[in-house]
Amino acid sequence: MIRLALISSAETAQAYGALSTRLHRAAWTAFAPLDSGGSGQALGQVTEATSAEELFTNQADVFDAVVIAADQATAGRLAKAASSLGKPVLAGAAGSNLTALGQADSLLMPAHPWRFLPSIQSVKRSIDSGKLGQAGLLRIHRWLPPGADVESQAERILPDADLACWLFGSAPESVWSLQSAANPGYIQFHLGFANDGMAMIDIAASLPSGGDYFSLTMIGGTGAAYADDHHNMNLLYSGGQPNAIRTSQGRADLAGQLQEFVDAISEQREPSVTPTDTATAVAVVEQILESADNRQVIGGKEGN
Amino acid sequence: MAETKTFRAGVFSVVKHCYLPRAVAAHPRFELVVVTDDADQPDWVHERNQKFADEFGIPYVRDVAKAIAEYDLDMAAVSPEAERHCDLAVRAADAGLHVIADKPMSTRLSECDRLVEAVQRNDVKFLLWNRNYLPAVVQTKEAIDSGAIGELQAIHVDFYFSKNAGPPKGSRAEGDPPINWLDRQMEAHADGSDGGVGKEAMGELEIEGIYPLGYIHMLTGQNVQRVFARTATHFHQANVDNDVDDLATVSLELGGGVVGSLCIGRIGAASHPDIGEIKIHVIGSEGGLVITEARPEVSIYYRDQPPLEFKNERIANENDFLLMDDFARALDTGSEPILNAKAGRDIAATVFAAVESGKTGQPVEVDC
């Protein structure tokens, strides 16, 4: 049984607490709040530290591994501290500050929860099983209300840059991006992969407040997979035009990610998400933003 | 009841799927009176022309000038191989005939230019065949025009046809000759997947790009100014052997600051239960719009259903009728058809720029 400590807001602790009964070979044993007055009550009977620093200094013997749900800067700092204690770490939000820790001896798994959504897992399995043949085109539309969850455009782009690299199994060879003069929350990027693979992704953080929209299509040489909110809408009638209501995937992303972290520790193997993956995605994001700024193709056939 | 003129139409070659002259014949304002083509065409062309003429009980004249002179035509329905579209259309326009032509407009931009000039010089109407009157596309336009999503900022069309196109990529055995494009297209006539019929090989961008780009043109009212594209041969041996794309992604920079994209492919019958995944995404200043182009549709499943039969059947599709209605209106009132020669030419320029960008790996300015 692996004893887990959580460093997070009380709100995130609620989400992780709800997953307790789903977890195999692990249990929550400690909690440290990120926000003042935060409580780990949702995790059950756990040791509560007053802060992450206090957890590392005085309670290090009550947990085997740490889950850190914090902003990039905080997650990087705390992950470094935990790693120095030899504790395996699952840390998010993933960013460039985590990649420097990739050389640490202890296990470090950056949080890429988008990979663990049931819909995305299904698409990935269909690729890995060979059902779709060679990956040809990845198409993603992601529309969000302004300010949803992330602070910067780089953070907003990172999940889909990572998905593209993960689904194609490599970093792109060339990058082209477009922005909208009228909509600062919009970006479109166009990635070229080996073997003529291509990804076309548009992200808009300009929807009216309310629901978001996500659609992912992977077209391979022998098949295609469509993970599309549009396909998964039900209808609500309450007068006037019907409203579309999306069926929920629950928090299976968090549960899957956490179980992978636990399994990697138990099996003494590398987790399926590594700091190298984060570093690759961060580098692609930088290229996307560079291309958008200078209106040039990054990499590719330039100069041929 | 007011007397309305019935327009006499000549079918100027009909060598591929013949939806265009059939649509003309189906509209009460139009009447097919003759099929015609040049005498020096190969036997297979004459055979297909004759077959169509026989079906409609009209003569087949192997002399275009003679047909024009003797049949008192008002218009021509032009549907030969793609490389002959413009030439037949120009000859019709120069004879004072209005023209409806099948897509693609041409395999060469210079031919498109020649057609635009002929249409203007002769003051005739020209309609390039398109799908802009599909119910879902009309709904898209109505939603945008209503202001429901505010000012249009970005538009994306995903256009994946799930038809097959001969043997799959990688299937050619060592020592076998490459697939001849025209032979393959002639073979494809049996199942109606011969949209690229002609001697010159065309990729999916060239064959079908007019449809999604036609949507974008109509919905934005803007021309594409610059493109960046990736193209690949991913599915079909005929495309590999003839070095033309069957999968492409294109970033679009349009007038008025609008941005967009097109993803297009002939992805094979195994990749979708119907004719394909075709969607329009529009982002406006006040919201977004996600449209499935195939709707409305009815799902039909049954025992022993042929594997390639579409399980979802499009319904209430009046595209053909409405295109012909639009053309009749243009002839009656002098209005411009929904996709006229200049717009068709500018879309062709976008396609050619995208093909060039796919080859060079660099953005390309569109010659509009």
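Using the structure shown, decide if A:Gly256 is away from every other protein chain (no Cβ under 11 Å), of a type outside the set (A, V, I, L, M, F, W, C) and free of Cβ contacts under 8 Å to residues at least 12 places away in the same chain.
So A:Gly256 does not fit the description; no.
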- [ ] Report yes if some residue within region A:183-201 is farther than 15 Å from A:Arg139 by Cβ, within 9 Å of chain B (Cβ to nearest Cβ) and among the aliphatic types (A, V, I, L, M); otherwise report no.
- [x] no
TODO: Can you confirm whether region B:226-238 contains a residue that is touching a residue at least 40 places away in the same chain (Cβ under 8 Å), more than 13 Å from chain A (Cβ to nearest Cβ) and not aromatic (Phe, Trp, Tyr)?
DONE: yes
- [ ] Output the residues belonging to region B:308-362 that are out of contact with any helix residue (DSSP H, G or I) (no Cβ under 9 Å at 6 or more places or on another chain), within 30 Å of A:Gly192 (Cβ to Cβ) and in a helix (DSSP H, G or I).
- [x] B:Ala353, B:Glu356, B:Ser357, B:Lys359, B:Thr360
Task: Test set (1) under 23 Å from B:His281 (Cβ atoms); (2) surrounded by fewer than 22 Cβ atoms within 10 Å (Cβ to Cβ); (3) more than 14 Å from chain B (Cβ to nearest Cβ); (4) at pLDDT 95 or above - A:Arg142 fails condition number - done: (3)
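Select from region A:204-214 the residues that are touching a His at 6+ places or on another chain (Cβ under 9 Å) and facing another protein chain (nearest Cβ under 7 Å) and write down the one among them that is surrounded by the fewest Cβ atoms within 10 Å (Cβ to Cβ).
So, considering only residues that are touching a His at 6+ places or on another chain (Cβ under 9 Å) and facing another protein chain (nearest Cβ under 7 Å), the one surrounded by the fewest Cβ atoms within 10 Å (Cβ to Cβ) is A:Tyr213.
Pick out the one residue from B:Arg303, B:Arg295 that is in a loop (DSSP other than H, G, I, E, B), farther than 30 Å from B:Ala93 by Cα and either β-branched (Val, Ile, Thr) or over 21 Å from the mean Cα position of the chain (by Cα) (or both). Give the derivation first.
Values: B:Arg295 fails: either β-branched (Val, Ile, Thr) or over 21 Å from the mean Cα position of the chain (by Cα) (or both).
Exactly one residue qualifies, and that residue is B:Arg303.
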Open item on the list: Looking only at residues that are part of a strand (DSSP E or B) and charged (D, E, K, R) in region A:129-152, which one is farthest from A:Leu289 (Cα to Cα)?
Closed with: A:Arg139
Open item on the list: Of everything in region B:339-361, what is surrounded by 18 or more Cβ atoms within 10 Å (Cβ to Cβ) and within 14 Å of chain A (Cβ to nearest Cβ)? Give them in sequence order.
Closed with: B:Ala354, B:Ser357, B:Gly358, B:Gly361
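Residues checked against (1) closer than 30 Å to B:Gly268 by Cα; (2) crowded, with 21+ Cβ neighbours inside 10 Å:
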site	(1), (2)
A:Asp202	yes, yes
A:Leu216	yes, yes
A:Gly223	yes, no
A:Leu235	no, no
A:Ser238	no, no
A:Thr247	yes, no
A:Glu267	no, no
Open item on the list: For A:Trp176, only one of the following conditions fails: (1) aromatic (Phe, Trp, Tyr); (2) within 9 Å of chain B (Cβ to nearest Cβ); (3) within 30 Å of B:Pro167 (Cα to Cα). What is its number?
Closed with: (3)
TODO: Quick one: B:Val290 ticks every box in (1) part of a helix (DSSP H, G or I); (2) hydrophobic (A, V, I, L, M, F, W, C); (3) within 14 Å of another protein chain (Cβ to nearest Cβ); (4) within 18 Å of A:Tyr186 (Cβ to Cβ) except a single one, so which number is it?
DONE: (1)
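The values are calculated or read from the model by the stated rules, or taken from the named source; none is laboratory data. Bear in mind the structure is a predicted one, so any value in this text is a computation, not a measurement. Because the Cβ atoms are built from the backbone with ideal geometry, glycine has one as well, and the counts that use them run over all protein chains shown.
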